[in-house]
Amino acid sequence: MQVEVDVHDRTGRSALTPGPVSAQWRGVSRLAMEAVMKSLRTRAPLTLGISILAVLGLAACSAQTDARTGTDTSDAPAEIQPLVAGVIPVTDIGPVYMAQQNGVFDEAGFDLTLQPAGSSTEIIQAMQSGQVQIGYGGSTGVFQAIENGVDLVIIAAASATSDDPENGINDLLVTADSPLKSAQDLEGKTVAVNAPGGYTQLLADIAITEDGGDPSLVKYVQMGVPDQPAALASGAIDAFVAGEPFGTLGREENGFRTLANPFTALSDSAVVAGVWYALRAQVEERPDYYANVAETIDAANQYALGNDEELRENIAEFTKIDAKLAARIRLGSYGKLPLTIENLQAIADWSFELGYVKNDVDLESLVWVP
């Protein structure tokens, strides 16, 4: 899906222009950041100012000059720091976009720019050339990049799957009158994926394997995601892995039905699927900077967890989809699962078992802990 991202926030200020930032935010806890984010949307200006000052006052207790010794104990940056995030314009970016619009990244000390890209490959290339500091992508793509020689680390979770089989966000869809009854029936059939050997094909392979089928007998064809519903309706393909909003549109406009939910096949419980990553060398060179980035992303996800309606409004803005459609689409889980080895293990195991990576994924090294 081709989208445009507006580089202005709701104040009309360019996202490339630094805003007012308080250095003490470097010591603000995640909960404090969430509280201020909420007040940004709900309180009057005067009350908001008092609220922010109160929170900053708490942070200042551990980040100011010691009156008895005259020693400056603050390790906060003296000025705002640029943060360019390479993103694929999908719903998983909603929490971070919402936090940007609410000024949370400004207050954390960052001038955040969301740089749209067509794939994780583009993001990683931009990262290697120094154009972006962090990137968003599916976990399997990160595993594959590392195996191809790009030394990355995962710094934060972007999204988790739903363990509700009735609310799958990447279901295998077929037409209402399709004779196919289960994922195993896709043997010998044609399935569309946006990137052969990528994340969506892995999901289809998992569903087929768990159902007793052989994914090597499936004919995968590369096709742009927006073109897949029409191709299914015309009979050009037999199924596709439906990311949002195309899953919702396919069900509502074409009567498509779910053949299988790959995520329930993948694991009995929810797992971290979308991630934020960075170059290991950059993270090791600037650990405080990236620790602050990770904490701010985590705070954005936690806020999204309890503010579904506001999140959907921001997703509509960011992806340029219709607001009424954004209110109906299925979303991943944000803020429910932390970034841990355990929460990535299932996808890592399947990636190796099905040949998407040649070696076991070293999650202990890959998951960065500040």
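So which trypsin sites (Lys or Arg not before Pro) in the stretch 139-226 pass both tests, a DSSP loop state and at most 10 other Cβ atoms within 10 Å of the Cβ? Write out the running numbers ahead of the final one.
Working: sites: K181, K189, K219; in loops: K181, K189.
In loop regions of the stretch 139-226 (DSSP not H, G, I, E or B), the sparsely surrounded trypsin sites (Lys or Arg not before Pro) are K181.
Just to check I understand the Karplus step: with θ = phi - 60° and J = 6.51 cos²θ - 1.76 cosθ + 1.60, what whole-Hz values come out for the stretch 324-331, glycine and proline as x?
5, 5, 4, 6, 10, 5, 7, 10
Give, rounded to the nearest 20 debye, the magnitude of the charge dipole that the stretch 158-255 has about its Cα centre when Lys and Arg contribute +1 at Cβ and Asp and Glu contribute -1 at Cβ.
Around 320 debye, computed over the stretch 158-255.
How would E107, E253 line up from fewest to most surrounding beta-carbon atoms within 10 angstrom? All intermediate terms of the calculation are to be shown ahead of the outcome.
Values: E107 25, E253 10.
The most exposed by this proxy come first: E253, E107.
State, to one decimal in nm, how far the label point of D214 lies from the label point of D164, with both points 7 Å from Cα in the Cβ direction.
Computed distance between label sites D214 and D164 equals 3.8 nm.
By how many nm would the segment from R257 to T340 grow when fully extended, if each residue of separation counts as 0.36 nm and the alpha-carbon distance is taken off?
26.5 nm
Let's test the formula: R0 of 25 Å, r as the Cβ-Cβ distance of Q115 and K320. What FRET efficiency results, to the nearest 0.05?
Values: r = 16 Å, r/R0 = 0.65.
It comes to 0.95.
When the chain is fully extended, how far beyond the present Cα-Cα distance does A230 get from E187, taking 0.36 nm per residue of separation?
13.3 nm
If you put +1 on each Lys and Arg Cβ and -1 on each Asp and Glu Cβ, how big is the dipole of the stretch 307-370 around its Cα centre, in Debye rounded to 20?
On the way: 7 positive and 12 negative charges, 71 e Å.
Taking the Cα centre of the stretch 307-370 as origin, the dipole is about 340 debye.
Taking H placed 1.01 Å from N in the peptide plane, check which residues at least 5 places from L337 or on another chain put their amide H under 5 Å from its amide H.
The answer is none.
Quick one: putting +1 on the C-beta of Lys and Arg, -1 on the C-beta of Asp and Glu, what dipole do you get for the stretch 280-338 around its Cα centre, in Debye to the nearest 20?
360
Could you work out how far apart the two model spin labels at E285 and K358 are, taking each label as a point 7 Å from the Cα in the direction of the beta carbon, and quote it in nm?
Distance between the two pseudo-spin positions: 2.9 nm.
Note the full-extension length gain between A195 and Q222 as 0.36 nm times their separation in residues minus their Cα-Cα distance, in nm to one decimal.
Result: 9.1 nm gained on full extension.
Over all directions, the average projected area of the alpha-carbon convex hull for the stretch 165-266 comes to how many nm²? Before the final figure, lay out each step's value.
Details: hull surface 21.6 nm².
Over every viewing direction, the Cα hull of the stretch 165-266 projects on average to 5.4 nm².
Arrange E295, E147 by Cβ neighbour counts within 10 Å, fewest through most, would you?
Values: E295 19, E147 14.
Fewest-to-most ranking of E295, E147: E147, E295.
Taking a cut-off of 18 Å, what percent of all Cα-Cα pairs in the stretch 132-198 are separated by more than that?
Details: 1306 of 2211 pairs.
The proportion of pairs with Cα distances above 18 Å equals 59 percent.
When a footprinting reagent is the concern and you count Cβ atoms within 10 Å, what order do F318, F352 take, fewest first? Write down the numbers at each step before the final one.
Numbers: F318 26, F352 15.
Listed from fewest to most nearby Cβ atoms, that is F352, F318.
List the residues whose amide H sits under 5 Å from the amide H of V84, counting only those 5 or more places along or on another chain, with H placed 1.01 Å from N in the peptide plane.
T113, Q133, I134
All of the numbers you see were taken from the coordinates with simple rules; none came from a lab. For clarity, every value in this text was computed on a predicted model and none was experimentally measured. Every residue, glycine among them, receives a Cβ derived from its backbone with ideal geometry; neighbour counts consider all protein chains shown.
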